[in-house]
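Chemist: Submitted below is the structure of interest, expressed as C-alpha cells.
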Amino acid sequence: MSEERVSNLPAGSGSEDMIARRPPVEPIPAGAVPVLEAANISKGFGATTALVDVSLKAYSGRILALLGDNGAGKSTLIKILSGVFPPDAGQLLFNGKPVTFANPADARERGIATVFQDLAVCELLSVTRNIVLGREPQKGFGPFKLLDLKKAEDMARSALHGLGVRWERGLDERGANISGGERQSLAIARAMFFGSSALILDEPTSALAVRQAGRVLDHIVRAREQGQAVILITHNFRHALSVADDITVLAQGRVAGQFRRDQVELDELTDLVARVG
C-alpha cells in the first residue's frame, strides 16, 4: 500500500497532518510532453466572459488540482477540455498535437474521460451496466445481438479490481441504491478500465462523508500511479494538497497562480482565492 493512501483521512487537523507527511513533489522532467494541454484558452457567452487566456498542462503520472471559487471558470474550462464547448480562442493539445473536439465523444475517443459531479452513474442501470455503458459486450448475430451478461460482469469485476475496490454489493445493484462515494468509485474504475489517458474529475469528494472522501482520494492516487494524467477540480483545498502534484488557481476566468504542491501552503491558497475572488 502506498504511503500516500488517504482512506483513513480524518477531519480537521488530521488532514493537515496528511499534507505535512507528503514528500516533496518531483519536478516535471525536462522535455516531458503534457498528455492534455490548454493553451491561452478564452471563452465567452454573450456579454459574459468566462475564461481569458487560460493555460494549463496535465502530465502522465501526475495530479493537477484546479482550484477556484464559484464563478472562477472551472466548469467552463473542463467542459472545453472534455469537448462540451469549443473555445473562442486558444488551442487544445493532446500528447503535444493540436486537437479539436466536435463533441464529448471525440474527447472520449482520444482517451479523455470526464466524471461530472452529478453524472457519475445512471441510476436506473446496474453496477455492471454502468461500468460497460457504451461498450457493452454482445453475443448473437445481426439484429439478434444481446448483451453478453457474463462477459459484462467479468469486465465489471476486472475494472473494480484494477482500482483496488472491494465491492461488497451485488453487481446487479442499481445505481440509485449506491452511495455517492461508490458512484465516484464506479465512474473512475470505468474510465481507467477502458483505457483513458487523461482523467478529469469534477468535485468527486463534494458532499461525501470523511471516510467516503478518503476512499475516493485513494482511487485518484491509484489512477496517478497507473500513469493517468489526472485533473482534479475541487473546492476542498485540503483534499487538493493531500493528493495533488501541481495546482492551478482560477479567479474571475483567469489564472491567478500555478504551483507545485510543495511550493504553496494551505493558508496561501486560501488567501489567494479570497484576495482575487
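The values are calculated or read from the model by the stated rules, or taken from the named source; none is laboratory data. If you're wondering where the values come from, they're calculated on a predicted model, not measured in any experiment. Counting neighbours? That spans all protein chains shown, and the Cβs are built from the backbone with ideal geometry, glycine included. Calculation scope for accessible area: heavy atoms of the full protein, side chains included, ligands and nucleic acids excluded. Shrake-Rupley method; radii C 1.70, N 1.55, O 1.52, S 1.80 Å.
Chemist: What's the number of the condition residue 70 fails, among (1) within 20 Å of the chain's Cα centre (by Cα); (2) farther than 23 Å from residue 234 by Cα; (3) of a type in the set (S, T, N, Q)?
Modeler: (2)
Chemist: Additional query: Name the residue, out of 169, 183, that is open to solvent by 50 Å² or more (accessible area, probe 1.4 Å), closer than 27 Å to residue 67 by Cα and either of a type in the set (D, E, K, R) or at pLDDT 85 or above (or both).
Modeler: After applying the criteria, what remains is 183.
Chemist: On to the next question. From the set of residues in the stretch 15-42 that are under 19 Å from residue 217 (Cβ atoms) and surrounded by fewer than 13 Cβ atoms within 10 Å (Cβ to Cβ), which is modelled with the highest pLDDT?
Modeler: Top of the filtered list is 23.
Chemist: Taking the criterion of being touching a residue at least 40 places away in the same chain (Cβ under 8 Å) and among the acidic types (Asp, Glu), would at least one residue in the stretch 145-161 satisfy it?
Modeler: There is no residue in the stretch 145-161 that is touching a residue at least 40 places away in the same chain (Cβ under 8 Å) and among the acidic types (Asp, Glu).
Chemist: Within the stretch 250-269, does at least one residue satisfy the condition of being in contact (Cβ under 8 Å) with a residue 12 or more places away in the chain, hydrophobic (A, V, I, L, M, F, W, C) and surrounded by 23 or more Cβ atoms within 10 Å (Cβ to Cβ)?
Modeler: Within the stretch 250-269 (the criterion being in contact (Cβ under 8 Å) with a residue 12 or more places away in the chain, hydrophobic (A, V, I, L, M, F, W, C) and surrounded by 23 or more Cβ atoms within 10 Å (Cβ to Cβ)), the answer is yes, since at least one residue qualifies.
Chemist: Can you pull out every residue in the stretch 163-190 that is among the aliphatic types (A, V, I, L, M), over 15 Å from the mean Cα position of the chain (by Cα) and in a loop (DSSP other than H, G, I, E, B)?
Modeler: Answer for the stretch 163-190, where residues must be among the aliphatic types (A, V, I, L, M), over 15 Å from the mean Cα position of the chain (by Cα) and in a loop (DSSP other than H, G, I, E, B): 165, 171, 178.
Chemist: Looking only at the stretch 90-148, filter to residues that are of a type in the set (Asp, Glu) and closer than 30 Å to residue 52 by Cα; which one of those is least open to solvent (accessible area, probe 1.4 Å)?
Modeler: It comes out as 106.
Chemist: Could you check how many residues of the stretch 43-85 are open to solvent by 30 Å² or more (accessible area, probe 1.4 Å) and of a type in the set (A, V, I, L, M)?
Modeler: Count: 3.
Chemist: Could you check the stretch 197-219 and list, in sequence order, the residues that are surrounded by fewer than 24 Cβ atoms within 10 Å (Cβ to Cβ) and in contact with a strand residue (DSSP E or B) (Cβ under 7 Å, 6 or more places away or on another chain)?
Modeler: Correct list: 197, 202, 203.
Chemist: Pick out, from the stretch 43-162, the helices (runs of 4 or more DSSP H) lying fully within it that include 3 or more residues that are more than 21 Å from residue 195 (Cα to Cα).
Modeler: By residue number, 74-81.
Chemist: Looking at 131, 78, 112, which is the one that is touching a Lys or Arg at 6+ places or on another chain (Cβ under 7 Å) and under 23 Å from residue 226 (Cα atoms)?
Modeler: 131
Yes/no matrix, rows are residues, columns are (1) out of contact with any Asp or Glu (no Cβ under 8 Å at 6 or more places or on another chain); (2) of a type in the set (A, V, I, L, M):
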{"position": "165", "(1), (2)": "yes, yes"}
{"position": "213", "(1), (2)": "yes, yes"}
{"position": "222", "(1), (2)": "yes, no"}
{"position": "231", "(1), (2)": "yes, yes"}
{"position": "234", "(1), (2)": "no, no"}
{"position": "256", "(1), (2)": "yes, yes"}
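Chemist: Now for a separate question. Residue check, residue 246 against (1) in contact (Cβ under 8 Å) with a residue 12 or more places away in the chain; (2) open to solvent by 30 Å² or more (accessible area, probe 1.4 Å); (3) of a type outside the set (A, V, I, L, M, F, W, C), all met but one. Which one?
Modeler: The number of the failed condition is (2).
Chemist: Which residue out of 251, 229, 198, 209 is more than 15 Å from the chain's Cα centre (by Cα), aliphatic (A, V, I, L, M) and modelled with pLDDT of 90 or more?
Modeler: After ruling out the rest, the residue left standing is 251.
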